[in-house]
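Engineer: Following this message is one structure expressed as structure tokens.
The values are calculated or read from the model by the stated rules, or taken from the named source; none is laboratory data. Owing to the predicted nature of the structure, the values given are computational and were not obtained by experimental measurement. Heads up, the Cβs are rebuilt from the backbone with ideal geometry, glycines too, and the neighbour counts pull from every protein chain shown.
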């Protein structure tokens with residue numbers, strides 16, 4: 001047990017955040033999501049409370065839940081390298097999940113892989129909520145907790161391999177995440193014309209950023225809302241020059257279309273539903289997360305990560321659950337429940353609610369409509385889409401048949417789906433190992449045409465059509 005001193009009447013959530021505890025607060029601490037629930041004991045009486053709604057008064061004991069976790073990363077195959085000496089670290093800063101790849105710069109072999117949840121989730125589940133937080137509080141706290149997490153991972157690596165130096169860190173992520181990482185203001189992302197401070201590749205000394213490395217490189221982005229993660233995805237999948245679509249399905253859905261020698265990119269506000277956040281029983285890819293739901297006899301059969309007792313549902317499981325519910329008369333084509341309870345139980349204590357279905361619909365419709373728009377651009381270029389690369393946590397684990405059933409993927413692309421894992425992280429490793437790959441990434445970022453969807457009437461019409469199951 002750890003003792004913490006706090007000012008009387010201070011927010012329990014803020015006290016926990018400032019003392020290094022990564023408390024989920026998907027709604028940004030406004031008391032709506034319930035993800036910051038903790039067990040509080042005062043005067044011998046215990047109860048579960050929302051940390052954001054509690055003021056510290058007197059001595060209390062707080063027990064934290066451990067619902068959220070991160071997908072297990074995997075070791076990469078050796079890659080082309082320039083043969084430099086030392087160790088490099090590639091970091092993919094996802095809105096929800098962080099992925100770390102320690103690699104030998106000389107051989108290209110993976111030395112260690114780590115993954116963790118982004119501690120910034122304490123300040124909101126998605127990019128918009130973090131921009132709102134920064135409007136009032138700046139980026140300092142979000143920057144600090146991220147750097148602390150990165151240094152903790154580096155420290156663990158040093159101990160494991162008896163090292164004391166990381167030669168270089170390459171960082172990818174969406175544009176907002178890269179700005180927070182660099183300590184740059186992000187308030188402008190919430191106001192037209194949404195001007196970023198930087199888009200091009202940036203280099204720093206590790207000392208300047210407070211990181212245990214000699215040099216740090218932020219990889220280039222396309223625009224304010226189409227970041228370095230999709231640039232790295234294009235490197236990893238080698239999609240440029242093909243007639244193909246690349247979709248990174250996470251909290252911020254980013255889509256790239258390569259067709260006729262041209263590059264088109266866009267982003268959609270998918271929200272955190274695909275990563276288990278902002279869902280009542282949602283969780284990341286931790287042990288016990290329901291990742292598969294199938295019909296069996298007169299009921300259902302679930303599969304959890306590590307075959308552990310069910311403790312929540314992640315994005316892939318939610319997609320399966322939505323498909324099952326639509327197929328078996330639990331919800332209708334509009335997503336409305338056909339039973340009075342408004343809940344569908346997958347396991348004891350784990351259910352999908354009516355509100356969850358609606359959030360899932362909004363996310364899948366946004367992504368599907370973005371895909372439809374990009375496929376339409378290819379058609380206008382006289383090009384047929386030959387492949388759909390699905391990346392990110394959901395893109396890796398999703399069942400294509402479920403994605404088709406709920407309308408996330410167009411039927412025309414049914415047999416063209418290629419799952420390619422964390423392409424952002426893989427692409428960042430490739431850029432770190434090879435100057436040629438890095439130059440290619442810079443050229444890709446410079447030559448993409450941005451497709452704006454916010455004021456696109458066709459997108460809005462498609463969005464309404466794609467809401468149904």
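Engineer: Yes or no: residue 300 in a strand (DSSP E or B) and in contact with a helix residue (DSSP H, G or I) (Cβ under 9 Å, 6 or more places away or on another chain)?
Structural biologist: Numbers: in a strand (DSSP E or B): yes; in contact with a helix residue (DSSP H, G or I) (Cβ under 9 Å, 6 or more places away or on another chain): yes.
So residue 300 passes the test.
Engineer: If you don't mind, another one. How many of the residues making up the range 354-390 are closer than 14 Å to residue 403 by Cα and part of a strand (DSSP E or B)?
Structural biologist: Here the count works out to 3.
Engineer: If you don't mind, there's one more thing I want to ask. I'd like the residue in the range 443-458 that is assigned to a helix (DSSP H, G or I) and more than 23 Å from the chain's Cα centre (by Cα) and, out of all such residues, is farthest from residue 423 (Cα to Cα). I'd like the intermediate steps shown before the answer.
Structural biologist: Filtering the range 443-458 down to residues assigned to a helix (DSSP H, G or I) leaves 443-446, 457-458.
With more than 23 Å from the chain's Cα centre (by Cα) added as a condition, the list becomes 443, 446, 457-458.
On the way: 443: 18, 446: 20, 457: 31, 458: 29 Å.
Step by step, filter the range 443-458, then rank; the result is 457.
Engineer: How many of the residues in the range 276-310 are more than 19 Å from residue 421 (Cβ to Cβ), surrounded by fewer than 24 Cβ atoms within 10 Å (Cβ to Cβ), out of contact with any strand residue (DSSP E or B) (no Cβ under 7 Å at 6 or more places or on another chain) and in contact (Cβ under 8 Å) with a residue 60 or more places away in the chain?
Structural biologist: Qualifying residue count, the range 276-310: 1.
Engineer: Let me ask you something else. Looking at 408, 388, which one is closer than 23 Å to residue 76 by Cα and crowded, with 16+ Cβ neighbours inside 10 Å? Walk me through how you get there before you give the answer.
Structural biologist: On the way: 408 fails: closer than 23 Å to residue 76 by Cα.
Only one candidate qualifies: 388.
Engineer: Quick check on residue 262: is it out of contact with any helix residue (DSSP H, G or I) (no Cβ under 6 Å at 6 or more places or on another chain), in contact (Cβ under 8 Å) with a residue 12 or more places away in the chain, under 28 Å from residue 384 (Cα atoms) and surrounded by fewer than 22 Cβ atoms within 10 Å (Cβ to Cβ)?
Structural biologist: Numbers: out of contact with any helix residue (DSSP H, G or I) (no Cβ under 6 Å at 6 or more places or on another chain): yes; in contact (Cβ under 8 Å) with a residue 12 or more places away in the chain: yes; under 28 Å from residue 384 (Cα atoms): yes; surrounded by fewer than 22 Cβ atoms within 10 Å (Cβ to Cβ): yes.
In short, yes.
Engineer: Now for a different question. If I filter the range 168-186 for residues that are modelled with pLDDT of 95 or more and over 24 Å from residue 267 (Cβ atoms), do I get at least one hit?
Structural biologist: For the range 168-186, residues modelled with pLDDT of 95 or more and over 24 Å from residue 267 (Cβ atoms): present.
Engineer: Moving to a separate point now. Surrounded by fewer than 22 Cβ atoms within 10 Å (Cβ to Cβ), within 16 Å of residue 98 (Cα to Cα), in contact (Cβ under 8 Å) with a residue 40 or more places away in the chain and touching a helix residue (DSSP H, G or I) at 6+ places or on another chain (Cβ under 7 Å): does that describe residue 143? Before you say what the answer is, go through the steps one by one.
Structural biologist: Values: surrounded by fewer than 22 Cβ atoms within 10 Å (Cβ to Cβ): yes; within 16 Å of residue 98 (Cα to Cα): yes; in contact (Cβ under 8 Å) with a residue 40 or more places away in the chain: yes; touching a helix residue (DSSP H, G or I) at 6+ places or on another chain (Cβ under 7 Å): yes.
When the stated conditions are applied, residue 143 passes them.
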